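The values are calculated or read from the model by the stated rules, or taken from the named source; none is laboratory data. These numbers come from a predicted model, not from an experiment. In this analysis, Cβ positions are derived from the backbone assuming ideal geometry, glycine residues included, and neighbour counts consider all displayed protein chains. Only protein heavy atoms, including side chains, enter the accessible area calculation; ligands, DNA and RNA are left aside. Shrake-Rupley method; radii C 1.70, N 1.55, O 1.52, S 1.80 Å.
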Amino acid sequence: MERILTTAGGIGVSMLAAIGLLCFLVVSVRNLVSTIQLLLAARIFITRIKPASRSYDLWTRYADLALPVSVIAPCFNEELSIADSVRALLALEYPDHEVILVNDGSSDRTLEVLIREFALRPIEREQLAELQKTRILGVYGSARYPNLILIDKQNGRKADAVNAGLGFAAAPLVCVIDADSIIEPDGLLRAAEPFMADDGSLMAVGGAIRIVNGSVVAGGHVREIRLPGKWLPRYQILEYLRAFLTARIANARFDMLMLISGAFGMFRRAALVEIGGYRHDTVGEDLEVVTRIHRRMREEKKPYRIDFVPEIVCWTDAPETWSGLRNQRARWEQGALETIVRHRRMIANPRYGRIGMIGMPLIVIEDVLGPPCELFGYLLIPLLWLMGVTSGTVVFAFFSLTVLFGTALSLGTLALEEVQLRRTPSARDLAMIGVAAVVENLGYRQANLAFRLHGMWRFFRKDNRWAAAGRSAFVRQ
């Protein structure tokens, strides 16, 4: 009996050691990928031809070439800010754009505010494609703004609202934007610019998403950029910089961009209609729709591109509470898993080229293996050291890969942003973000991993209820 227990104990220790090794390897691979992306992004920034820096130059160059754009903005319970948001969308610097606002069954006074503020009245408007699942309650036009359309519909969540707007859009390009997000005035021109010199193969263009918390917003525009007063959104500034200024720039350069943020993206309308619009049965519709475009184009063997322009800036509200952050990150994780399972045949499948062989496996490493391996590694590797199974060098190496390497990666991305885009308002703010790059590895990062595990739990339970992330309320004037 003693021999059996000893043998069982030995097997258990060996299994723990194997899991610890797996955790170490997965974290190493993730960090290697992040390093390559940072270096590639730096090289791309240095060697590329920079776009025009002034809106006037863009307008002069492209006013006669700009394709018409339909801006689709879903909204739900936005009565306090919707008027400013719509005015900002109407004031975007673009020669020919219409704003299609979709009221997704708001239970507050959003509809009443819109009708009053913009002199809306019922109109007849042809629905070119019926992609939504819920019923259209009414279509309104404005007596003051001929390029403003309001679609009032039953509640069906964001994907259904976008599909409703897509069905009424007539322009060849559609811009999907959250009603509470703030795109800079030249954002449409910058997003449409790649389409103007395109041969029809460009399917979509994404832009950078920035944190608006703490900044001064007036009339639907960011008038003064300020650092958030709370530390939680400061950590998220670094996450967004890493995502948009390294990962997406590098991935787009090699035609492997897998995600265009739901907060802002420009698409060729025909591409979205042909695939049936956004899916209604996922909480990660932005990742899924881009993956589906890749899949369709690869299966039909058609040439295509999905691009990213870092000069496009869309400001969004970040969660300022731990519960809001948990809901957001759990939803992102759940949406990623839903996309991976739905398109699992693409993973490591040479039929899908670099998307199947590199792009999809990277999502698996980031969203399936990464969170549990890193979080368990924090617990398991020190335990193995205490049990005498591994050396202190391994423990130090693991924490260097996570804490020290994470800090170095954040600081490198921050330096890249400061050299290329310079959106941080002052040296003091830059220093504060630098402090956040160190502090985020001592609790925030680990909490984020736990939130993503919560998303995995929601996925396995098939819990598709929408968990709100909360809002900060901009500093409004």
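Go through Lys158/Lys302; Lys133/Lys462; Lys230/Lys462; Lys133/Lys230; Lys133/Lys302; Lys302/Lys462 and tell me which ones have a Cα-Cα distance over 32 Å in this structure.
From Lys158/Lys302; Lys133/Lys462; Lys230/Lys462; Lys133/Lys230; Lys133/Lys302; Lys302/Lys462, over 32 Å: Lys230/Lys462; Lys133/Lys230; Lys302/Lys462.
Considering only protein heavy atoms, with the full assembly of protein chains and a 1.4 angstrom probe, order Ser107, Ser400 by accessible area, largest first.
The ordering from most to least exposed comes out as Ser107, Ser400.
Quick one: which residues, 5 or more positions from Val217 or on another chain, have an amide H under 5 Å from its amide H? H modelled 1.01 Å from N in the peptide plane, none for Pro or chain starts.
Amide H neighbours of Val217, under 5 Å, 5+ apart: Arg223, Val475, Arg476, Gln477.
Please compute the Cα-Cα pair-distance distribution of the stretch 231-357 with 5 Å bins starting at 0, giving whole percents from short to long.
P(r) for the stretch 231-357, in whole percents per bin: 2, 9, 18, 22, 22, 15, 8, 4, 1, 0.
Packing-wise, with mean Cβ within 10 Å as the measure, how do 410-418, 257-265 rank, highest first?
257-265, 410-418
State, as an integer percentage, the relative contact order of the chain based on alpha-carbon contacts under 8 Å between residues 6 or more apart.
Across the chain, relative contact order equals 19 percent.
Taking a Cβ-Cβ separation under 4.7 Å as the criterion for a possible partner, which cysteines of the chain have none?
Singleton cysteines: Cys75, Cys175, Cys314.
Could you state how much accessible area Ile123 has, in square angstrom rounded to the nearest 10, with a 1.4 Å probe and all protein chains kept in place?
Ile123 has an accessible surface of roughly 50 Å² with all protein chains in place.
Can you give me the convex hull volume of the Cα atoms of the chain, divided per residue and expressed in Å³?
So the per-residue Cα hull volume is 158 Å³.
Can you give the accessible area of Phe168, probe radius 1.4 Å, in Å² rounded to 10?
10 Å²
From the phi of every residue in the stretch 315-327, what ³J(HN,Hα) in whole Hz does the Karplus formula 6.51 cos²θ - 1.76 cosθ + 1.60 yield, where θ is phi - 60° and glycine or proline is x?
Per residue, the Karplus-derived 3J(HN,Hα) values read 8, 10, 8, 9, x, 10, 10, 5, 5, x, 5, 4, 4 Hz.
For helix 231-242, report the angle its Cα long axis makes with the longest principal axis of the Cα atoms of the chain; keep it between 0 and 90° and round to the nearest 10°.
90 degrees
Any idea how far apart Gln127 and Arg144 come out in nm if each label point goes 7 Å out from Cα toward Cβ?
2.9 nm
In square angstrom, rounded to the nearest 10, how much accessible surface does Ile36 have for a 1.4 Å probe?
Rounded to the nearest 10, the figure is 80 Å².
At 4 °C and a viscosity of 1.567 mPa s, what translational diffusion coefficient does Stokes-Einstein give for the stretch 55-324, taking Rh as the Kirkwood radius over Cα pairs? Give it in µm²/s as a whole number.
Approximately 68 µm²/s, per Stokes-Einstein.
Go ahead and collect, in residue order, the members of the stretch 186-210 whose backbone nitrogen is under 16 Å from a label point 7 Å along the Cα-Cβ direction of Glu300.
199-204
Carbon and sulfur: what percent of the stretch 55-324's accessible surface (1.4 Å probe)?
Here carbon and sulfur together make up 49 percent of the probe-accessible area.
Using helices alone, what [θ] at 222 nm do you get for the chain, with -39,500 (n - 2.57) per DSSP H run of 4 or more residues, divided over all residues and rounded to the nearest 500?
Value at 222 nm, helices only: -15500 deg cm²/dmol.
With all distinct Cα pairs included, what does the Kirkwood hydrodynamic radius of the stretch 321-477 come out to in Å, to one decimal, could you say?
18.4 Å
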